[in-house]
Structure formats: C-alpha cells, structure tokens
Amino acid sequence: MMFWSKTKVVVHGFTAKRKDCFVTLEDTLLGSVLDGLTWCGKEGSNDTFTNGCPGWSDCENNPVRSFWIRASAFADVTCDNVTAMLNELVSDPFNSTSIFASVEVPRLNASRVKNLNVVMVIQKNNISNCTDPSLKNLTQTLDTGITFSCKDVPESWIQECGSKPEIACGACW
Ligand code: CXR
C-alpha cells in the first residue's frame, strides 16, 4: 500500500507505470471515481454542484476533504509493509493538518502493519531530509511495534525507476 502527502503527481506517475508495485487509495473503485473532483451542495437543493463551490481554505469540513477523510479509513485494513512518499519542499513534510498525518498514520495498527517506509522525495542529493524534525512527530504517532524507516530518494530516480520494469519494486529505493 502506498500513501502520500504533497507528492500526488510523483506517486501516480510511478504507480501508473508500475502497477505491480503499489496500490493507492485512488486505485480503489471509489477513490478512482472521485479522484481529482471538486463538488458541493447548496442549501435548499438536492443537487450536487461541481461549479461555483466556495473557496475552501477557511473551511476545514468541506465536502471534498470530508470524503477523503472518510475514504482514508482504508488505512484500517492496511497490512504488512506500508510506503509513504513525502515532500522535502514543504515546510513540514509530516504536517499534522494533512490527511496522511491526522487520519491515515493514526489508523495503522501494529497487529497488521509491520513497517512504515517513508520515501522522502528530494530534488538534490546533498542533505538528508529524513532528519526533518516533523518526522519525530510521525514516529511518536505511529503505533508501537511498527518499524519506521526513511530514505531520501531523488525525484528523477523515482521517475526513471518507474520506467524500468526490469528493476524489482523493492529495489527502486
Ligand atoms: O496528506 P494529504 O495530502 O492531506 O492526503 C493524502 C492522503 C493519501 O495517502 C491518500 O490516501 O490521503 C488520501 N487522499 C487521497 N487519496 C486524495 N485524492 C485527492 C487525500 N486527499 C486526496 N485528494 C485531494 O488532495 C483532497 O482534496 C485533499 C487533498 C490532500 O492532498 P495532500 O497532498 O495535502 O484535500
């Protein structure tokens, strides 16, 4: 299973080419139907609108976010080895307001999940972003018994490895 936060394009660029490697929530039936859509209701109407929805930066419980929070309960049934791609370029790669941090990680259960492997998507190979302080919050949130690891992986290599089916999934990072 593959989770992500602020790395959607890189993750799907990879999983689209390497369907043998990972499943994301958007690969599930419900996730694929609603992926990328915006919608809202209007008071007094039973219709669903895809145009003219208000800006949602101030509204935490907007319908789209609420849907993904509920759908992310699929973390409950996740097992064995879990991978998550995070983005070094955002100020907190593990941000407590993200769905990954607030919904998915707390739902990973040590009775089913063995490892959480974070792939930190980096642009240049010079400093280790796996040392980012926000990852400390991740290890504190993680259920005791799940082994945590993190690896800095250049975005260019993720793209290249995605195009090389001869490389085994586990050997890309
Ligand atoms: O950490 P978040 O990432 O908030 O959420 C990403 C995680 C993923 O692991 C995925 O499983 O939550 C799930 N998820 C989606 N599958 C998804 N598809 C579209 C969460 N959000 C999804 N979106 C839209 O992207 C929603 O509108 C959501 C925004 C969150 O992306 P971000 O990169 O901040 O508000």
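Placing dummy labels 7 Å off each Cα toward the beta-carbon, the span from W68 to T139 is 2.8 nm. Computed over neighbours whose Cβ is under 13 Å from that of R107, the net charge equals -1, Lys and Arg +1, Asp and Glu -1.
Taking Lys and Arg as +1 and Asp and Glu as -1, the other residues whose beta-carbon sits under 10 Å from that of M120 total -2.
On the basis of the beta-carbon distance and an R0 of 35 Å, C40 and A16 show a calculated FRET efficiency of 0.75. Considering only beta bridges that DSSP places wholly inside the chain, some 5 percent are antiparallel.
The Kirkwood hydrodynamic radius of the chain, based on inverse pair distances between different Cα atoms, is 17.3 Å. Here is the list for region 1-72: trypsin sites (Lys or Arg not before Pro) lying in DSSP coil, each with at most 13 other C-beta atoms within 10 angstrom of its C-beta, are K19, K42. Within the shell of other residues whose beta carbon sits under 10 angstrom from the beta carbon of V82, the net charge comes to 0, with Lys and Arg scored +1 and Asp and Glu -1.
Within the chain, the longest run free of exposed loop sites, counting GluC sites (Glu not before Pro) that sit outside DSSP helix and strand states (H, G, I, E, B) and have at most 11 other Cβ atoms within 10 Å, spans 61-165.
Residues within the reach of a label modelled at S163 (point 7 angstrom out along Cα to beta-carbon, backbone nitrogen below 13 Å), restricted to region 4-19, are 14, 17.
Each value in this text was obtained by applying a stated rule to the coordinates, not by laboratory testing. Note that the structure is predicted; figures quoted are calculated from it, not measured. With ideal geometry, Cβ positions are generated from the backbone for all residues, glycine too; neighbour counts draw on all protein chains shown.
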